[in-house]
Every structure is written in structure tokens, then in C-alpha cells.
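**Q** Pasting a structure below so you can have a look.
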Amino acid sequence: MVIGICQLQLIIHDTFSLKEKRRILKSILEKVRNRFPVSIAEVGDHDVWQSSLIGFCLVSNDKGVVSAIIDKVVNFIENLCLAEVMVSHIEIINL
């Protein structure tokens with residue numbers, strides 16, 4: 001079993017309230033969930049209106065599949081142009 005974990009620090013430009021931030025994050029999270037087989041959620045910076053920490057993970061039996069899907073999700077989020085990915089931390093665990 002291979003577990004892939006990714007944590008992304010996002011900067012959300014042009015937001016001036018937590019309500020706007022949550023609207024943008026909800027859009028990002030729903031689009032990722034609908035397109036990729038991952039579990040994703042906001043895991044930090046809940047009360048900071050221009051920053052967010054999101055995490056997602058997936059499980060597979062192939063390390064190559066896990067790595068490829070993580071890369072695709074990160075690229076997808078970057079290409080949405082709703083938020084800027086500042087830092088990404090990826091961990092792949094073999095059990």
C-alpha cells in the first residue's frame with residue numbers, strides 16, 4: 001500500500017474578507033474532488049483571509065500512480081489561477 005500526502009500553502013490574492021476566501025477555497029476544493037480521486041480539505045490558516053493551508057491524500061498500490069496524481073492535482077490548482085501555490089510539501093509512504 002502506498003499513501004501520498006501533499007500539503008499546499010496558498011496565497012489568495014484580491015480577497016478582503018474571510019467570506020471571500022471561503023468562497024474561493026470551496027470552489028478549488030470542489031473542483032479537485034470532482035476531477036481527482038483524493039481527499040482534500042483546508043487544514044490550517046482558517047482565520048487568515050489571504051492565506052490557506054490545504055492538504056490532500058490518496059491511497060494506491062502503485063507509487064508511480066500516487067506520484068503522478070499528486071503532480072496533476074498541484075498543477076491543476078495552479079492552473080485554476082484562483083490562488084498562488086507558495087509552498088508544497090509532498091510525502092509518499094510505502095507500507
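Readers should treat all values here as calculations from the given coordinates under stated rules, not as data from a laboratory. From a predicted model like this one, the values you see are computed outputs, not experimental measurements. Glycine also receives a Cβ, built like all others from the backbone with ideal geometry; neighbour counts cover every protein chain displayed.
**Q** So which residues in the stretch 1-54 are assigned to a strand (DSSP E or B), under 18 Å from Ser67 (Cα atoms) and either in contact (Cβ under 8 Å) with a residue 40 or more places away in the chain or small (Gly, Ala, Ser) (or both)?
**A** At the first step, the residues of the stretch 1-54 found to be assigned to a strand (DSSP E or B) are 2-11, 39-44, 51-54.
Next, only the ones that are under 18 Å from Ser67 (Cα atoms) stay: 2-8, 39-40, 54.
Val2, Ile3, Gly4, Ile5, Cys6, Gln7, Leu8, Ser39, Ile54 - these are the residues of the stretch 1-54 that are assigned to a strand (DSSP E or B), under 18 Å from Ser67 (Cα atoms) and either in contact (Cβ under 8 Å) with a residue 40 or more places away in the chain or small (Gly, Ala, Ser) (or both).
**Q** Given the options Asp45, Asp14, name the one that is touching a strand residue (DSSP E or B) at 6+ places or on another chain (Cβ under 9 Å) and at positive phi.
**A** Values: Asp14 fails: touching a strand residue (DSSP E or B) at 6+ places or on another chain (Cβ under 9 Å).
One residue alone meets the criteria, Asp45.
**Q** For Ile70, indicate whether it is buried (at least 16 other Cβ atoms within 10 Å of the Cβ) and in a helix (DSSP H, G or I). Break it down stepwise before answering.
**A** Details: buried (at least 16 other Cβ atoms within 10 Å of the Cβ): yes; in a helix (DSSP H, G or I): yes.
Against the criterion (buried (at least 16 other Cβ atoms within 10 Å of the Cβ) and in a helix (DSSP H, G or I)), Ile70 qualifies.
**Q** Separate question: Between Val38, Val87, Val43, which is under 12 Å from the mean Cα position of the chain (by Cα), under 12 Å from Cys6 (Cβ atoms) and surrounded by 14 or more Cβ atoms within 10 Å (Cβ to Cβ)?
**A** Numbers: Val87 fails: surrounded by 14 or more Cβ atoms within 10 Å (Cβ to Cβ); Val43 fails: surrounded by 14 or more Cβ atoms within 10 Å (Cβ to Cβ).
Going through Val38, Val87, Val43 in turn, just one is under 12 Å from the mean Cα position of the chain (by Cα), under 12 Å from Cys6 (Cβ atoms) and surrounded by 14 or more Cβ atoms within 10 Å (Cβ to Cβ): Val38.
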